[in-house]
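Please treat every number below as a calculation from the coordinates, not as lab data. Predicted, not measured: the structure shown is a model, and the values here were computed from it. Glycine gets a Cβ as well: all are built from the backbone with ideal geometry, and neighbour counts include every protein chain shown.
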Amino acid sequence: MHRAPALLGLPLAALLLAACGNTTATASFKGEQHAVAQAISNLQAHATAGEQSKICTNDLASTIVTSLGGTKHCETAIKDQLAEINNLEVNIQTIHLAPHDTSATANTTSTYEGKIHPTTLTLTKEHGTWRITGVQLGAKT
């Protein structure tokens, strides 16, 4: 049984799609915004390298990993989704921090299949590290 599509569906697949390709630019962000951008860049690097273990242990929030049935099931789900990815590019447009810098929202665009796809990533700070908690897809342009 494939738990990944049922639990994650298109949003995480889109996130992983958005994470592949060229390096995500982080230099224009400062402080906690830079840390959030770096977390997205790390996800991109891990997805590009096919390092599903690092994605599950370092990049995704514990709630996501738990919802997949733990680290091993997460790794299997991510491996399956990485197999579907082509070369893509992600650009971080804006990063908004919640009060007390415990959660963040990053508006990004990704280009694949010749179309620009806006995506909103949500992140939380777990044990001092920013982790992906969700993805909301926008309309294609």
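Fully extended, how many nm does the chain gain between Ser67 and His127 (0.36 nm per residue separation, minus their Cα-Cα distance)?
Length gained, Ser67 through His127: 19.7 nm.
Out of residues 5 or more away from Leu60 or on other chains, whose amide H comes under 5 Å of its own, with H placed 1.01 Å from N in the peptide plane?
Placed amide hydrogens put Ile132 under 5 Å from Leu60.
Would you please give the FRET efficiency between Leu137 and Ser28, computed as 1/(1 + (r/R0)^6) with r the Cβ-Cβ distance and R0 = 30 Å, to the nearest 0.05?
In this case the efficiency is close to 0.80.
Considering amide H positions built from the backbone, and no H for Pro or chain starts, which residues 5 or more places from Val90, or on another chain, come under 5 Å of its amide H?
Asn22
Report the full-extension gain for the segment Ser103 to Glu84: residue separation times 0.36 nm, less the Cα-Cα distance, to one decimal in nm. Working shown, then result.
On the way: separation 19, 0.36 × 19 = 6.84 nm, distance 2.94 nm.
Value of the extension gain: 3.9 nm.
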